[in-house]
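Below is one structure, written out as C-alpha cells, with a few remarks after it.
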Amino acid sequence: MTTACVGSPSAASATAGRYSVVLTRDRADIEAAQRLRYQVFSTEPGFTLGAFAAAIERDVDRFDTFCDHILVRDRVTGDAVGCYRLLPPEGARALGGPYTATEFDLDALAPILPGAVELGRACVHPDHRSGAVSALLWSGILRYLSMTDHSWLVGCVSVPMRSTPGERPGANVRAVRDVVSSRYAHDPRWQVRPHRPVRVDGRGLDEIEPAARAVLPPLLRAYLRIGARVCGEPAHDPEFGVADFVVLLGAHHADQRYLDRFLAATGAA
C-alpha cells in the first residue's frame with residue numbers, strides 16, 4: 001500500500017494499535033480518501049457538495065494530483081477513517097498557486113509561501129473521533145515537515161454558514177470571527193484579504209448579529225491549540241456553504257506539548 005511520493009520524500013507508514021497511517025500518492029489511496037471526504041462532507045450539517053461529487057460519490061478537485069496524502073485506515077476493516085492532503089510548495093507552483101489563493105489574496109504571505117505546506121480536506125469518520133485518528137494524522141504532518149524541511153503550515157478552516165437548520169445564516173460565523181480576531185489573530189503583517197467576503201442578504205459580518213455563543217469547529221480548535229493563528233477575515237465559499245478562515249502555523253511556534261502528544265501516537269517521541 002505504501003508508495004513513493006512524487007516530488008516528496010519516500011512515503012512513510014506507521015501503525016498504532018487499531019490504526020495504520022500512510023503518506024502516499026497511490027491512486028487507490030487517493031480515491032479512498034476522496035470517498036471518505038465525500039461521505040463525511042455530504043453528511044456534515046451546513047456543508048453542501050455539487051452534483052458531480054454526488055454522481056461519483058467522491059470529493060475530487062484538481063489539487064489532489066499535486067498533493068501528498070496522509071491516510072489513516074482501520075486495521076480491522078481496512079476502511080479509510082481519516083485523511084489530510086498536503087500541497088508542497090513545488091506543487092503549488094505547478095498549479096499556479098495553492099487552493100487558499102482561490103479564495104484569498106495571499107500577497108501578505110508571499111515571503112513565506114516558498115517554504116509553506118498547504119493543509120486541506122481534513123476529515124475523520126464520525127465513528128472514529130476518539131482522538132487517536134487525529135493524533136495519527138498530525139503525527140504524519142509533523143513527520144512530513146521534518147522530512148521536507150518546510151517551516152510553515154497554511155490552510156483554510158471551514159465554519160458552516162448555518163450549523164443547524166434553525167440557526168440564522170452567518171450568526172455563528174460572526175461569533176467565531178469575533179473570538180478568533182480578539183484572541184487568536186496573527187501578526188498584522190500576515191493578514192490576508194478574502195476575494196469574496198461573507199455577506200448574508202447584502203449584509204457584511206459586522207452587520208450580522210452574532211450567536212450568543214461561538215461554536216468553533218473541532219478542526220479550528222485543534223489548530224489553535226497547537227499554536228496556529230488566524231490571518232484576517234473569512235471568505236464565503238458558496239459551493240460548500242461555509243465561511244473559510246486562513247490559519248497559519250510556523251513550526252517554530254507550535255506548542256511543544258501538543259507536538260509531543262502527536263509524535264507519541266506513532267512512537268516517535
Checklist outcome for this item: Checking Arg225, Arg221, Arg229, Arg162 in turn, the sole residue that is touching a Gly at 6+ places or on another chain (Cβ under 6 Å), closer than 27 Å to His128 by Cα and of a type in the set (Lys, Arg) turns out to be Arg162
Next on the checklist: Condition (residue is outside any strand (DSSP E or B), in contact with a His (Cβ under 9 Å, 6 or more places away or on another chain) and without any contact (Cβ under 8 Å) to a residue 60 or more places away in the chain) applied to the stretch 156-163: is it met by at least one residue?
Outcome noted: no
Checklist entry - Can we say Gly241 is crowded, with 19+ Cβ neighbours inside 10 Å and either in contact (Cβ under 8 Å) with a residue 24 or more places away in the chain or closer than 26 Å to Thr43 by Cα (or both)? => result no
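To keep it simple, each residue is scored yes or no on (1) assigned to a helix (DSSP H, G or I); (2) more than 22 Å from the chain's Cα centre (by Cα).
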| residue | (1), (2) |
| --- | --- |
| Glu167 | no, yes |
| Val173 | yes, no |
| Arg189 | yes, yes |
| Arg221 | yes, no |
| Arg225 | yes, no |
| Glu233 | no, no |
| Val246 | no, no |
Next on the checklist: For the stretch 72-88, which positions are more than 13 Å from Tyr144 (Cβ to Cβ) and either crowded, with 18+ Cβ neighbours inside 10 Å or among the small types (Gly, Ala, Ser) (or both)?
Outcome noted: Val72, Arg73, Gly78, Ala80, Val81, Gly82, Cys83
Checklist outcome for this item: Residue pairs qualifying under the 7 Å Cβ cut-off, at least six apart or on distinct chains, with the first in the stretch 186-211 being on the phi < 0 side of the Ramachandran plot and surrounded by 13 or more Cβ atoms within 10 Å (Cβ to Cβ) and the second being among the polar types (S, T, N, Q) and in a helix (DSSP H, G or I), are Ala211/Asn172
Checklist entry - What are the residues in the stretch 145-173 that are of a type outside the set (S, T, N, Q) and buried (at least 23 other Cβ atoms within 10 Å of the Cβ), if any? => result Leu153, Val154, Gly155, Cys156, Val157, Val159, Met161, Gly170, Val173
Checklist entry - Which residues, counting only those in the stretch 105-148, are in a helix (DSSP H, G or I) and farther than 21 Å from Asp260 by Cβ? => result Asp107, Ala108, Leu109, Leu113, Pro114, Gly115, Pro126, Asp127, His128
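Any read-out appearing in this document is the output of simple, stated calculations on the displayed coordinates, not a laboratory observation. Computed from a predicted structure; not experimentally measured. All Cβ positions, glycine included, derive from the backbone under ideal geometry; neighbour counts span all protein chains shown.
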